[in-house]
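First the structure, which I've put down as structure tokens, then a few questions once you've had a look.
The values are calculated or read from the model by the stated rules, or taken from the named source; none is laboratory data. All values reported here derive from a predicted model rather than from experimental measurement. Cβ coordinates were reconstructed from backbone atoms using ideal geometry, including for glycine residues, and neighbour counts include every protein chain displayed.
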């Protein structure tokens, strides 16, 4: 029981510390992004124009949080909203020229940050860690598909 509790506690601590560490690295390098905003930008850099709902699904955040992230990125001039021609209720999120200019240097900072966090950990251990995390995520996803026990 204690080991299971520790797993949950350390996953939470890791999440919090990684976000804080990345924010510090970005600040030191004059990148005006939070970890969550970076996650949105990285998704857009990788996937191209997406709807807010698609972004929320990919990064596994609720729509209200994604709306707030996009509002702030839009204020910074990094993204813009375009109303979809086929459905005016849908906003497509497009990276601006200014947002694209951040891509290479910001991605490299994030990679360097993760490399520092993983220092001294073998590639095999990292692969195992990622595999275990994927299995946990799959188990949690399966919870919603099961019938209720009562």
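Of the numbered conditions (1) in a helix (DSSP H, G or I); (2) closer than 28 Å to residue 17 by Cα; (3) more than 17 Å from the chain's Cα centre (by Cα), residue 40 satisfies every one except a single condition; which is it?
It is condition (3) that residue 40 fails.
With (1) modelled with pLDDT under 95; (2) closer than 22 Å to residue 55 by Cα as the list, and residue 150 as the residue in question, which single condition is left unmet?
The number of the failed condition is (2).
As an exercise: evaluate residue 82 against (1) modelled with pLDDT of 95 or more; (2) over 14 Å from the mean Cα position of the chain (by Cα); (3) loosely packed, with under 15 Cβ neighbours inside 10 Å and give the number of the one condition it does not meet.
In the conditions (1) modelled with pLDDT of 95 or more; (2) over 14 Å from the mean Cα position of the chain (by Cα); (3) loosely packed, with under 15 Cβ neighbours inside 10 Å, residue 82 misses (1) alone.
Please determine whether any residue of segment 12-21 is in a helix (DSSP H, G or I), in contact (Cβ under 8 Å) with a residue 24 or more places away in the chain and either in contact with a strand residue (DSSP E or B) (Cβ under 6 Å, 6 or more places away or on another chain) or on the phi > 0 side of the Ramachandran plot (or both). Break it down stepwise before answering.
Narrowing segment 12-21 to residues in a helix (DSSP H, G or I): 12-21.
Those left that are additionally in contact (Cβ under 8 Å) with a residue 24 or more places away in the chain: 18, 21.
The next check asks that each one be either in contact with a strand residue (DSSP E or B) (Cβ under 6 Å, 6 or more places away or on another chain) or on the phi > 0 side of the Ramachandran plot (or both); those that pass are none.
No - not one qualifying residue is present in segment 12-21.
Sticking with this structure for a sec: Return the residues of segment 46-75 that are in contact with a strand residue (DSSP E or B) (Cβ under 7 Å, 6 or more places away or on another chain) and surrounded by fewer than 17 Cβ atoms within 10 Å (Cβ to Cβ); say none if nothing qualifies. Working first, answer last.
Filtering segment 46-75 down to residues in contact with a strand residue (DSSP E or B) (Cβ under 7 Å, 6 or more places away or on another chain) leaves 49-52, 55, 70, 73-74.
Listed by number, the residues that qualify are 49, 51, 74.
Can I ask one more? In the set 43, 51, 67, which member is in contact (Cβ under 8 Å) with a residue 40 or more places away in the chain and under 25 Å from residue 141 (Cβ atoms)?
Details: 43 fails: in contact (Cβ under 8 Å) with a residue 40 or more places away in the chain; 67 fails: in contact (Cβ under 8 Å) with a residue 40 or more places away in the chain.
Matching residue, one of 43, 51, 67: 51.
Take residue 92 and tell me if it is over 24 Å from residue 133 (Cα atoms) and modelled with pLDDT under 95.
Numbers: over 24 Å from residue 133 (Cα atoms): yes; modelled with pLDDT under 95: yes.
Here the answer is yes, as residue 92 does meet what is asked.
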